Amino acid sequence: MKKGSRLWFWVFIGPMLFAFLVVQVIPTLMGIFYSFTSWNGITGGMDLVGLNNYKSVLADKDFYKAFWFTARFAITAIMSINLVGFLLALLVTSGIKGSHVLRGAFFIPNLIGGLILGFIWQFIFTKAFDALGARLGIEWLEGWLATSTTGFWGLVILMTWQMAGYMMIIYISGLQNIPDSVMEAAAIDGASKWQVLKNITLPLVAPAFTVGIFLTLSNSFKLYDQNLSLTGGGPGGSTEMVAMNIYNTAFKFNKLGLAQAKAVIFLIVLAVVALTQMYISKKKEVEM
Amino acid sequence: MVEKKSNKILLTLITLFSAVLFLLPFYIVLINSFKTQKGFLLDVLGLPGQYFTLNNYPEAFKKLDFISSFTNSLYITVIAVSLLLILGSMAAWMLVRTKTKLSMFIFMMFSTAMLIPFQSVMLPLVRIMGKLNLLNPVGIIFMYLGFGAPLTIMLYHGFVKSVPVEIEEAAIIDGCGKFMTFWRVVFPLLKPISVTVSILQAMWIWNDFLLPQLTINRPEWQTIPLKMFYFFGQFAKRWDLGLAGLVLAMLPIVLFYIAMQKYIIKGVMQGSIK
């Protein structure tokens, strides 16, 4: 590289790289270091404590519970969000009238922040469900969010409602990429609707599924805002997810070193899960 | 033919029914925000009727400090998104056009960072920013640059690759410097992806809650989601005020969406393909 162009290289890349290093790279590295210390955020000093924090994490029952809850939630939410999103995409691309307005309606929840959506559904579940249940005499509509099970399904419903519109957009673009000629050929050969869906549409939309599953996966695992405003982790911490568990460990109990050890484990698990999913999906795409 | 037509009617009905179902929560929140406290304790599902009131709104407006929190949200979002557009497009262009190992390494670093969850950097980050005296709106904007960098650069990177390099070479022969070439020739060509980037990043920054919660400690700097959170903490049993507050908080986004729907849907579509 010439001297002049090297200068320009740093002028163009420098500011973004600087912000990125300070905000993400350095804190990640420091975080790994802190996870081996007794950092508590109150007294200034921090001593190296070796693997003690990691040992405490392994003995932390609440953390296991949060992890298990998060994993169950993520699997359920990924399936329901992508299924609903894909069905909506099929519906609005089926040539019905006014589909653009309808698309717009399905997408609205996505624009609004998770915190606000959580409060909206807290009202729906606790007040509107109760009223509806009482009026129609349906018992299971009453007392939502007061148990761990209804808290779980409350979160799944909220997230499906929020993200299905986003997935719909992704699947619409996947569906539109299918060449008309393929569909015409299938129609001439007398393929049934179900055959077309199974043998043509699904395989050709597979790349969109890779994107959709990846996005829902990382969103579900990292969920915090909705968890906080819908259930607040309750009742009795039974709907607390990993992100909230880390937050509470750090700021409620002032165990920042321990929280950081949990965060490092969280990072590793998330990276492994995401990379595995990408790998499997990509392999499937080729095979199909 | 007859069968096909009735099929279409059925599909339309199913879609319409789903759309109504999707909008129902908003409807319920909206009607109840116009009821007195007694009104909605008596009946959540019906229209306000004799319990109609407009009083919830002025009170929620005041309690939410709406003008201040709206201004804070707007200020942070607009400046952070503008800087992401300017600095992100410059960096991505340079990374595409420079074919060295260093440049490839930097790009790799940006793309791997997409996997880092916020929770694993938040504690050290707050400590660093505190030491630098940057736990304020300026610091928040800086942090959004750092967190927004990976996606911004990846989106621009993908787009720049499709811009023919000959146009830039012609400009350089005409005596334009690197800086001028970028701003006069390249940046205008990036407009479609710039729209996508600004929509995706604005949606995220406007709605973000955890970062402001961790880094803003003065009431006069609070953004809308942050204010909303404290508001609910304070008036937990006052749904009449809470619902009006929720409607107020959603209003700017919904209006913006109605005005920009075409671009927003297109932007999300573009952003997901990459």
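The values are calculated or read from the model by the stated rules, or taken from the named source; none is laboratory data. Not measured: the values here are computed from a predicted model. Neighbour counts are summed over all protein chains in view; Cβ atoms, including those assigned to glycine, are modelled from backbone coordinates with ideal geometry.
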* To do: State whether the residues of the stretch A:84-93 include one that is hydroxyl-bearing (Ser, Thr, Tyr), crowded, with 22+ Cβ neighbours inside 10 Å and either at pLDDT 95 or above or not in a helix (DSSP H, G or I) (or both).
  => no
* Which listed residue is more than 24 Å from the chain's Cα centre (by Cα), within 11 Å of chain A (Cβ to nearest Cβ) and not in a loop (DSSP other than H, G, I, E, B), from B:Ile128, B:Ile153, B:Ile167 -> B:Ile128
* Please note which helices (runs of 4 or more DSSP H) are completely contained in the stretch A:170-288 and include at least 2 residues that are at pLDDT below 90 and more than 15 Å from the chain's Cα centre (by Cα). => A:180-188, A:193-196, A:202-221, A:256-287
* **Positions within the stretch B:26-51 being outside any helix (DSSP H, G or I) and farther than 13 Å from B:Ala244 by Cβ, in sequence order** => B:Asp43, B:Val44, B:Leu45, B:Gly46, B:Leu47
* Selection count where residues are under 24 Å from the mean Cα position of the chain (by Cα) and at positive phi, scope the stretch B:31-85 -> 1
* Asked: Which is free of Cβ contacts under 8 Å to residues at least 40 places away in the same chain, among the aromatic types (Phe, Trp, Tyr), in contact with a helix residue (DSSP H, G or I) (Cβ under 7 Å, 6 or more places away or on another chain) and within 19 Å of B:Ile67 (Cα to Cα), of B:Phe231, B:Phe209?
  -> B:Phe209
* Only residues that are under 14 Å from A:Ala263 (Cα atoms), of a type outside the set (Val, Ile, Thr) and in contact (Cβ under 8 Å) with a residue 40 or more places away in the chain: list them for the stretch A:40-59, please. => A:Asn53, A:Tyr54, A:Ser56
* To do: Determine whether the stretch A:135-148 contains at least one residue that is out of contact with any Leu (no Cβ under 8 Å at 6 or more places or on another chain), of a type in the set (Val, Ile, Thr) and more than 10 Å from chain B (Cβ to nearest Cβ).
  => yes
* Asked: Of the residues A:Val57, A:Val23, A:Val101, which is out of contact with any Ser or Thr (no Cβ under 8 Å at 6 or more places or on another chain), within 7 Å of chain B (Cβ to nearest Cβ) and part of a helix (DSSP H, G or I)?
  -> A:Val23
* Asked: Out of (1) in a helix (DSSP H, G or I); (2) at pLDDT 85 or above; (3) surrounded by fewer than 14 Cβ atoms within 10 Å (Cβ to Cβ), the odd one out for B:Leu54 is which?
  -> (1)
* In the stretch B:131-150, which residue that is closer than 22 Å to A:Gly257 by Cα and not basic (Lys, Arg) is nearest to the other protein chains (Cβ to nearest Cβ)? -> B:Leu132
* Structure fact -> Of the residues in the stretch B:248-264, those that are out of contact with any Pro (no Cβ under 8 Å at 6 or more places or on another chain) and crowded, with 21+ Cβ neighbours inside 10 Å come to B:Met250, B:Ile264
* Asked: Taking the stretch A:238-269, which residues are within 13 Å of B:Val121 (Cα to Cα), of a type outside the set (A, V, I, L, M, F, W, C) and touching a residue at least 40 places away in the same chain (Cβ under 8 Å)?
  -> A:Gly257, A:Gln260, A:Lys262
* Does the stretch B:100-113 include one or more residues that are hydroxyl-bearing (Ser, Thr, Tyr), out of contact with any helix residue (DSSP H, G or I) (no Cβ under 6 Å at 6 or more places or on another chain), over 30 Å from A:Ala259 (Cα atoms) and at the interface with chain A (Cβ under 9 Å from one of its Cβ atoms)? -> yes
* Any hit, the stretch A:34-45, residues being crowded, with 17+ Cβ neighbours inside 10 Å, touching a Gly at 6+ places or on another chain (Cβ under 7 Å), part of a helix (DSSP H, G or I) and β-branched (Val, Ile, Thr) -> no
* In the stretch B:203-245, which residues are surrounded by fewer than 19 Cβ atoms within 10 Å (Cβ to Cβ) and not aromatic (Phe, Trp, Tyr)? -> B:Asn217, B:Arg218, B:Pro219, B:Glu220, B:Gly233, B:Gln234, B:Ala236, B:Lys237, B:Arg238
* Residues satisfying the stated conditions in the stretch A:239-288, i.e. among the small types (Gly, Ala, Ser) and facing another protein chain (nearest Cβ under 10 Å) -> A:Ala243, A:Ala250, A:Gly257, A:Ala259, A:Ala263, A:Ala271, A:Ala274
* Which residue, of B:Ile172, B:Ile140, is among the hydrophobic types (A, V, I, L, M, F, W, C), touching a residue at least 60 places away in the same chain (Cβ under 8 Å), assigned by TED's automatic domain parsing to the domain that holds B:Phe110 and not in a loop (DSSP other than H, G, I, E, B)? -> B:Ile140
* Say we look at the stretch B:86-111 and pick out the residues that are assigned to a helix (DSSP H, G or I) and of a type outside the set (A, V, I, L, M, F, W, C); which of these is farthest from the chain's Cα centre (by Cα)? -> B:Lys101
* Does B:Lys178 meet the test of being of a type outside the set (Phe, Trp, Tyr) and within 14 Å of chain A (Cβ to nearest Cβ)? -> yes
* So A:Thr126, is it over 22 Å from the mean Cα position of the chain (by Cα) and in a helix (DSSP H, G or I) -> yes
